[in-house]
Amino acid sequence: MSDLDTQLPTTFDPFADANAENSGAGSKDYIHIRIQQRNGRKSLTTVQGLNKEFSYNKILKDLKKEFCCNGTVVQDPELGKVIQLQGDQRKNVSTFLVQAEIVKKENIKIHGF
């Protein structure tokens, strides 16, 4: 029976590497672009980690006009301000942020599917 105990796999934490990146003193500030599935084919795109010196409402207004979708700025207690857009706008948002020179391409992380 003791052989069986030694062969059990250890627990795996899928977010361990993400927490390790954020805990480092010299870690880069990344912009995280994620997708959240709502119901059926509906989805939300969230953008977090933008610099606080930028006006979130102005960026949101330009994103909404550019991609013909609705969106809002949500205040999260842990993450701060987060931009939410309707639909799967991950690629569009990343190219927009690079073209507008808000952030460099290597500082963008796209998550989902």
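Tabulated results
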{"item": "Residue check, Asp29 open to solvent by 50 Å² or more (accessible area, probe 1.4 Å), of a type outside the set (Gly, Ala, Ser), out of contact with any Lys or Arg (no Cβ under 9 Å at 6 or more places or on another chain) and modelled with pLDDT under 90", "result": "yes"}
{"item": "Identity of the residue in region 74-96, among the aliphatic types (A, V, I, L, M) and within 13 Å of the chain's Cα centre (by Cα), that ends up farthest from Asn51 (Cα to Cα)", "result": "Leu85"}
{"item": "Check on Glu78, open to solvent by 20 Å² or more (accessible area, probe 1.4 Å), without any contact (Cβ under 8 Å) to a residue 24 or more places away in the chain and in a loop (DSSP other than H, G, I, E, B)", "result": "yes"}
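Residues are listed down the side, and each one gets a yes or a no for (1) in a helix (DSSP H, G or I); (2) on the phi < 0 side of the Ramachandran plot; (3) open to solvent by less than 50 Å² (accessible area, probe 1.4 Å):
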{"position": "Asn57", "(1), (2), (3)": "yes, yes, no"}
{"position": "Lys61", "(1), (2), (3)": "yes, yes, no"}
{"position": "Glu66", "(1), (2), (3)": "yes, yes, no"}
{"position": "Cys69", "(1), (2), (3)": "no, yes, yes"}
{"position": "Ile83", "(1), (2), (3)": "no, yes, yes"}
{"position": "Val93", "(1), (2), (3)": "yes, yes, yes"}
{"position": "Val103", "(1), (2), (3)": "no, yes, yes"}
{"position": "Glu106", "(1), (2), (3)": "yes, yes, no"}
{"position": "Gly112", "(1), (2), (3)": "no, no, yes"}
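The values are calculated or read from the model by the stated rules, or taken from the named source; none is laboratory data. Just so we're clear, the structure is a prediction, and the values are computed from it rather than from any experiment. Note that each Cβ is placed from the backbone with ideal geometry, even for glycine, and that neighbours are counted across all protein chains shown. Heads up: the accessible areas ignore ligands, DNA and RNA and are worked out on the full protein's heavy atoms, side chains in. Shrake-Rupley method; radii C 1.70, N 1.55, O 1.52, S 1.80 Å.
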